[in-house]
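> Here you go, one structure.
The values are calculated or read from the model by the stated rules, or taken from the named source; none is laboratory data. Quantities reported herein were computed from a predicted structural model and do not represent experimental measurements. Glycine also receives a Cβ, built like all others from the backbone with ideal geometry; neighbour counts cover every protein chain displayed.
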Ligand code: SF4
Ligand code: SF4
């Protein structure tokens, strides 16, 4: 996958995507969720996230205490040391990684803590979860970071804009 190319296309399409998102705001919750789940599944069947890793380079996921405990056991490091070594507290008082790209992102875009990665990483880009109505704004923003989101919007466009 040509990540740069996909992200450039997303940038070029941003205004159109904004209009698409405006239209989607008028959709019923059930229909909207079904539309996204179907497109998400089709798109992520074709995308191998290991060829991309852009979310691990560009975003700082929230890391909960539960996530920290799991990571701590997995890498055999005390939770306090995990906090001191890999995390910082952001302006919302949440733990996030202290640098980007993520310190757990290794060569070939592989997550070295994949089995215990934070829930926020697991759920990203949040396009197959209930109540997409609440996530439309962030989905538009994510189209500039995640090629998968860009492709999802492209996929649903004909059905929405007709
Ligand atoms: S923990 Fe893993 S999935 Fe999450 S940002 Fe870091 S490398 Fe990516
Ligand atoms: S979720 Fe999106 S941004 Fe993250 S690795 Fe997969 S395609 Fe790339």
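> How about the stretch 41-68: which of its residues are under 16 Å from the mean Cα position of the chain (by Cα), over 20 Å from residue 139 (Cβ atoms) and surrounded by 15 or more Cβ atoms within 10 Å (Cβ to Cβ)?
63 - this is the single residue of the stretch 41-68 that is under 16 Å from the mean Cα position of the chain (by Cα), over 20 Å from residue 139 (Cβ atoms) and surrounded by 15 or more Cβ atoms within 10 Å (Cβ to Cβ).
> Now, a different point. Which residues, taken from the stretch 74-94, are in contact with a helix residue (DSSP H, G or I) (Cβ under 6 Å, 6 or more places away or on another chain) and surrounded by 15 or more Cβ atoms within 10 Å (Cβ to Cβ)? It would help to see each step written out before you state the result.
Here is the first cut: in the stretch 74-94, the ones in contact with a helix residue (DSSP H, G or I) (Cβ under 6 Å, 6 or more places away or on another chain) are 74, 79, 82.
Residues satisfying the conditions are 74, 82.
> Looking at the structure I just gave you, is residue 71 within 20 Å of the chain's Cα centre (by Cα), farther than 26 Å from residue 11 by Cα and at pLDDT 95 or above?
Criteria met by residue 71.
> Next question, about the same structure. May I ask you to list the residues in the stretch 90-129 that are over 15 Å from the mean Cα position of the chain (by Cα), away from ligand 1 (no atom under 11 Å from the Cβ) and in a loop (DSSP other than H, G, I, E, B)?
90, 91, 92, 93, 94, 98, listed by residue number.
> While we're here: Pick out the one residue from 71, 156 that is over 20 Å from residue 50 (Cα atoms), touching a helix residue (DSSP H, G or I) at 6+ places or on another chain (Cβ under 7 Å) and within 13 Å of ligand 1 (Cβ to nearest atom).
That would be 71, the only listed residue that is over 20 Å from residue 50 (Cα atoms), touching a helix residue (DSSP H, G or I) at 6+ places or on another chain (Cβ under 7 Å) and within 13 Å of ligand 1 (Cβ to nearest atom).
> Does at least one position in the stretch 99-108 carry a residue that is in contact (Cβ under 8 Å) with a residue 60 or more places away in the chain and touching a strand residue (DSSP E or B) at 6+ places or on another chain (Cβ under 7 Å)?
Within the stretch 99-108, none of the residues are in contact (Cβ under 8 Å) with a residue 60 or more places away in the chain and touching a strand residue (DSSP E or B) at 6+ places or on another chain (Cβ under 7 Å).
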